[in-house]
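Enquirer: Quick one: this structure, given as structure tokens, is what I'll be asking you about.
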Amino acid sequence: QLYDTPSEEWDTAGDGPGGPPARESRLPRDDERPADEYDQPWEWKKDHISRAFAGDGSPERSPSLSRQLPRSPRPPGGPRPGCPPSPRHVDTSLPLEKQAWYHGPIGRAGAESLLALCREGSFLVRDCETSPDDYSLSLRSSQGFVHVKLTRTREQHFTLGRAGAAFPSVPAAVGHYTARALPVRGARHLSLLYPVAVQPL
């Protein structure tokens with residue numbers, strides 16, 4: 001027989017003089033936790049311990065996966081005002097000078113600065129820097145920026161790039177490619193979805 005004293009007697013023997021120490025006295029002296037918590041199963045305390053190691057003692061749930069994924073960079077005050085949050089219809093009946101996405105004589109660098117914080121598929125039209133009679137389409141793609149010349153033909157039509165179809169006006173060409181993929185290297189999977197409007201000074 002290994003034990004002479006039944007467990008019931010052992011638990012109460014500490015009350016008398018000379019008996020074994022009570023159960024509470026067998027706890028580690030430096031442990032500040034209450035006795036009830038000391039005897040809790042590991043499964044009950046692992047959530048609290050995990051939060052303690054993470055530096056968060058609050059019982060809030062861990063952030064969801066969508067919050068942990070990196071997001072597209074945005075300006076401090078929110079989306080850039082000229083970048084529409086959803087696709088916009090292009091009114092091809094308006095002349096080019098009346099279109100909000102026509103930015104006039106801005107250069108390539110200026111166009112890229114406007115498109116930098118816009119989403120893929122954002123675009124604007126500007127005057128061509130090398131040909132006064134032509135225009136340039138600047139587009140934001142997943143790889144960066146694409147600049148394509150809108151060339152005026154002898155019949156006073158416009159073609160996009162070298163292999164594009166001819167259109168009677170620049171707005172007609174833009175409207176055509178809002179519903180179709182661009183025939184341009186580096187943007188063949190893209191359409192013109194988000195016209196970047198000129199912002200008032």
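Enquirer: Collect the residues in the stretch 116-160 that are out of contact with any strand residue (DSSP E or B) (no Cβ under 8 Å at 6 or more places or on another chain) and touching a residue at least 40 places away in the same chain (Cβ under 8 Å), keeping them in residue-number order.
Expert: L117, S141, Q143
Enquirer: Given the criteria at pLDDT 95 or above and either surrounded by fewer than 15 Cβ atoms within 10 Å (Cβ to Cβ) or part of a loop (DSSP other than H, G, I, E, B) (or both), does G104 qualify? Give the derivation first.
Expert: Details: at pLDDT 95 or above: yes; either surrounded by fewer than 15 Cβ atoms within 10 Å (Cβ to Cβ) or part of a loop (DSSP other than H, G, I, E, B) (or both): yes.
Yes, satisfied.
So that you can scan it fast, the table gives a plain yes or no per residue for (1) modelled with pLDDT under 65; (2) in a loop (DSSP other than H, G, I, E, B):
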position	(1), (2)
P59	yes, yes
P63	yes, yes
S72	yes, yes
P76	yes, yes
R80	yes, yes
E112	no, no
D133	no, yes
S136	no, no
F145	no, no
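The values are calculated or read from the model by the stated rules, or taken from the named source; none is laboratory data. Predicted model only: the values in this text are computed from it and were never measured. In this analysis, Cβ positions are derived from the backbone assuming ideal geometry, glycine residues included, and neighbour counts consider all displayed protein chains.
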